[in-house]
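> Structure incoming, see below.
The values are calculated or read from the model by the stated rules, or taken from the named source; none is laboratory data. In this text the structure is predicted, and so the values were computed from the model without any measurement. Here Cβ is always computed from backbone atoms with ideal geometry, including for glycine, and neighbour counts include all displayed protein chains. The accessibility values were calculated without ligands, DNA or RNA, using every heavy atom of the protein model including side chains. Shrake-Rupley method; radii C 1.70, N 1.55, O 1.52, S 1.80 Å.
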Amino acid sequence: DGISEIDPAVEEDFQDFWDDAPGPDNVGLQEHFAQVVVALTQRFQDEPAVAGYEIFNEPLPGLLVEPQLVDVIETFPFYAKVIKTVLAAVPGFKQLFFIEPDALHNVTDLRSEFLPWSTFSSYPNVVYAPHVYTGVFTLDAELASVLPGSGSVLSPLFPMSTGYSNVVADAQALGLPLWVGEFGNSVSDDNTMLRDHYQYQDQDAIGSSLWAWKSPPQPNTVAPGWCVMQGSTPFNVETFPSRLKFTSRVYPQYTAGSLQSLSYDPDSYTFDLQGSSAAVSPGDTAHATLLFIPAAVTAQIQAEGAQVQTIEHGDGTRSVYVYPAGGAYHVHT
């Protein structure tokens, strides 16, 4: 069927968008887009369940294919235009905007950001949200899909460690918090790829969103889809054990002070968190570290340099409030 993303007609359409070509009403395409975002923000700005808005999912470069220039010339100025339009139209707006690099990043895993976000916009509530698909959409995997068995030739050039170190460096250059907006793999690769994703995310304390949560039944039973569960009705949903093993994990929902390190072992169901914070009075849940503990973790929670309060839920999960005594604190099983 081919790949639509490399169709010259598709790229020409994207170039028209980046050039802000006028629509039939002589209003630029980007202005039309910005007004759609304005309508969304006006509708959901007071909705507590909506943290923010991803402006454009995996934008393509058009006819400009230099990874280090696409965001500077096309993508980020467009994001800044949308944000400026929203701020002018929605008084008191303060929700997040999630911005991601051009989709070339998914193929190359290269660094692409070298200018601070302030070059483009002064709005502070912006999150850098790249996608990390090392070994899935990078050039080694794309080559293997065309010439089976050939991907191993390029795979040493695309270690997942580099994919993560590059997005961390990009976020630091932008001066923005980092959140991996998409990552994932086939369920059949969970014990290798998904395990590694979470290891590197823990290493750099990165929040993330796995693609995907649920999907309809998949025809390929050898390598079922990328979701945690699949099924056509609530009564025949299948949850993949490997996906549950890696996604049901200990993580901080809120953190007092700064997080120094975080690790979770899905094989032994143990975790280790270290942080540093000013003292938080026991019972002050608004300023404590709050940990989600999945049902698989049954060991007692231990802490040094902090007091803990455990709330048990009916499904076996626990919420643990951590009240640092002041300075370094350590929470673990």
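> Extension gain SER209-GLU54, at 0.36 nm per residue separation less the Cα-Cα distance, in nm? Walk me through the numbers before you get to the answer.
Numbers: separation 155, 0.36 × 155 = 55.80 nm, distance 1.26 nm.
Fully extending the segment from SER209 to GLU54 adds 54.5 nm.
> Here's another thing I want to ask about it. Order these peptides, 45-58, 157-170, by their mean beta-carbon neighbour count within 10 angstrom, highest first.
157-170, 45-58
> Apply the Kirkwood formula to the chain: the hydrodynamic radius equals the inverse of the mean of 1/r over all pairs of different alpha-carbon atoms; give it in Å with one decimal.
Working: mean 1/r = 0.0450 Å⁻¹.
Across the chain, the inverse of the average 1/r is 22.2 Å.
> While we're here: So what is the orientation-averaged projected area of segment 85-195, using the convex hull of its C-alpha atoms, in nm²?
One quarter of the hull surface, i.e. the mean projection, equals 8.4 nm².
> Among the lysines, which have Cα under 28 Å from the Cα of LYS81 when same-chain residues fewer than 8 positions away are ignored?
LYS94
> Could you name the aspartates and glutamates whose alpha carbon sits less than 12 Å from that of LYS214, not counting residues in the same chain fewer than 8 places away?
Result set, ordered by chain and number: GLU238.
> Whenever you get a sec, compute what percent of the accessible area on the chain sits on carbon and sulfur atoms (1.4 Å probe).
C and S atoms contribute 57 percent here.
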